[in-house]
Amino acid sequence: MSRLAPEARGPSRWWEPAVGYEVYIRSFADSDGDGVGDLAGVLSRLDHLADLGIDIVWVTPIYPSPMHDHGYDVADYTGVAEVFGTTADLDSLVSACHERGMRLILDLVPNHSSSEHEWFRRSRSSRDDPYRDHYIWRDSAPDGGPPNNWVSHFGGRAWTYDEATGQWWLHLFLPEQPDLNWSNPTVVEEFDGILEHWFARGVDGFRIDVAHALVKDAQLRSNPLSARPTERGGVEMGQVASTWETLEHVHDTDQPAVLDVYRRWRAIADRHDALLLGEVYLLEGDRLLRYVAADDGLHLAFWFGPLYVGWDATGLRRSFDEGVRVAAAARAGLGWVLGSHDRNRVASRLGEGAVGRSRAVALVALQVFAPGVPFLYQGEELGLGDPVIPPEAAQDPIAARQGEHARTRDVARTPMPWTPAPGLGFTAAGEAWLPFGDRGPGDTAEVQAADPDSPLSTYRRLLALRRALGGLAGAPFAWVTEDGPLLAARRGDVVVAVNTGESPMAVPGATGEVRFCTDRSCEGDAAEGFELGSDQAAVLG
Ligand code: BGC
Ligand code: MG
């Protein structure tokens, strides 16, 4: 297997040719039969990722946590939650990744901690405690209400009143996720140490949660009301409670000083040749660009535009264009995603059942040939769609707080179907923490691995071709079709095409042969005269 050289040190930009994969750890593989995925489970399924052609494994938070937001509420930034295993399990996973030429990145959650973190316990204990300023506390407004009009991503206001000390604490998510105070230099120093801790254990970098939000307006001014509360604004976070959309998020997120934090982290990360990948949830390219424009900021930031488009050529072209424009202007790079643990699954966004599945498998061709680093979300390689989660089984705090089951993130978080056995090869327990969803044998990795036409086999062929082409990193991406249902772009020596229309179409400008096609029978055909079928993708050259 040709892999990234694990021995390379120094800022080598090893991620540039890579393909990444998000492991939502609770639902990937459960090694100890408690119904919750864990680190040893990830290790046991690592060859699935190696065989798929993955270079970077991003694992969602593994730290001790009361799990109000399933680990995005961290109670100890340098520990490992018992439910996920031990520090030794993490060390084994790091080694196992490196042995396979893969890299492991952790999920860093610096915007907020858990309310059970020692820092917050101290902070809350009295106004004079040295940890008080680790968090953002304010007096009531003159009318006795909260200090400003900010709201939580998860519904309701972003402030909770503490009776004991007579002030409010800020939380852009749950009250159990108090926002850290990034204008306090001690907080900044605490995180330097956390980064160093994990780099010393061999971790290859971090995905940075809510990377655009750490710093708040110094005066904590109220946000203006949104002019278009029903449409999406410039800042989103996957599925959000509808109250989030009532405000323009000008003072609570995307403050210029957040870039100082990344400048500082960049110096630390570069000493370890480690990757900083920001979840910069800004859907306007110019705002996103600032995070990756320079040589001293994040190495990569996710581009979430394509997550908000259906099977619509104009919308897809526009969202890819915006990302391509940012990528071309940036010194650093973009991470391209079609899904995550925060959104409906891409197959369900693009159509019903088998139709959505075929479209998702086709769209991934455009994703992996876009300029940057593609990240697959677990289960996409199986073409999984959203299952139905009965309301009484809901786990997502958004659903619990809002009763908005239509928006629950649980649909993207159900356990991976590995084998057509009870527990789906995910767990030996009769039940998992979240229902399995209605998965049939054909959804499982084992059955798909044996079927050359399955989504899994198709993803493997596509990623193998991407790897074989190598050197795509510097190659520009340029459309060869201006409009219409065929999305076709040249990238380096090949043309990648996706047909969103209802009839077969020729791919302009293509020469050579069909190197990859979602309809395998076309592979090896001459590009000249080739017609790409409806809902199909091909790579020609
Ligand atoms: C994560 C979510 C989480 C939120 C708060 C997001 O970026 O992806 O799953 O709920 O941050 O930490
Ligand atoms: Mg377990």
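The values are calculated or read from the model by the stated rules, or taken from the named source; none is laboratory data. Quantities reported herein were computed from a predicted structural model and do not represent experimental measurements. Quick reminder, even Gly has a Cβ in these numbers, built from the backbone with ideal geometry, and neighbours come from all protein chains shown. Accessible surface areas use protein heavy atoms only, side chains included; no ligands, DNA or RNA. Shrake-Rupley method; radii C 1.70, N 1.55, O 1.52, S 1.80 Å.
All conditions but one from (1) at positive phi; (2) surrounded by fewer than 22 Cβ atoms within 10 Å (Cβ to Cβ) apply to residue 71; the one that does not is (2). Residues in segment 266-297 that are buried (at least 23 other Cβ atoms within 10 Å of the Cβ) and part of a helix (DSSP H, G or I): 288, 291, 292. Taken as a whole, segment 1-11 holds no residue that is at pLDDT 95 or above and either out of contact with any helix residue (DSSP H, G or I) (no Cβ under 6 Å at 6 or more places or on another chain) or more than 14 Å from ligand 2 (Cβ to nearest atom) (or both). Any chance segment 120-130 includes a residue that's within 16 Å of ligand 1 (Cβ to nearest atom) and of a type in the set (Phe, Trp, Tyr)? Within segment 120-130, one or more residues are within 16 Å of ligand 1 (Cβ to nearest atom) and of a type in the set (Phe, Trp, Tyr).
Right, residue 79: of a type outside the set (Val, Ile, Thr), assigned to a loop (DSSP other than H, G, I, E, B), within 15 Å of ligand 2 (Cβ to nearest atom) and under 22 Å from residue 208 (Cβ atoms) or not?
So residue 79 fails the test.
Cβ-Cβ distances below 8 Å connect the following pairs, each with a first residue in segment 499-528 that is in a loop (DSSP other than H, G, I, E, B), a second residue that is of a type in the set (Phe, Trp, Tyr), and a separation of six or more residues or different chains: 500/311; 507/530; 510/530; 523/516. Of the candidates 31, 27, 44, the single residue that is open to solvent by less than 10 Å² (accessible area, probe 1.4 Å), hydroxyl-bearing (Ser, Thr, Tyr) and within 13 Å of ligand 2 (Cβ to nearest atom) is 27. Quick one: would you say residue 232 is charged (D, E, K, R), within 26 Å of residue 151 (Cα to Cα), under 21 Å from the mean Cα position of the chain (by Cα) and at pLDDT below 95? Spelling it out, residue 232 is indeed charged (D, E, K, R), within 26 Å of residue 151 (Cα to Cα), under 21 Å from the mean Cα position of the chain (by Cα) and at pLDDT below 95. Just so you know, in segment 164-189 the residues that are in contact (Cβ under 8 Å) with a residue 60 or more places away in the chain and of a type in the set (Asp, Glu) include one that is most open to solvent (accessible area, probe 1.4 Å), and it is 176. If I ask for residues that are open to solvent by less than 20 Å² (accessible area, probe 1.4 Å) and among the aromatic types (Phe, Trp, Tyr), which ones from segment 435-489 would you list? Selection gives 459 alone. Out of curiosity, is residue 192 outside any loop (DSSP other than H, G, I, E, B) and surrounded by fewer than 21 Cβ atoms within 10 Å (Cβ to Cβ)? Yes: the conditions hold for residue 192.
Restricting attention to segment 158-187, the residues being over 24 Å from the mean Cα position of the chain (by Cα), closer than 15 Å to residue 134 by Cβ and among the hydrophobic types (A, V, I, L, M, F, W, C) number 3.
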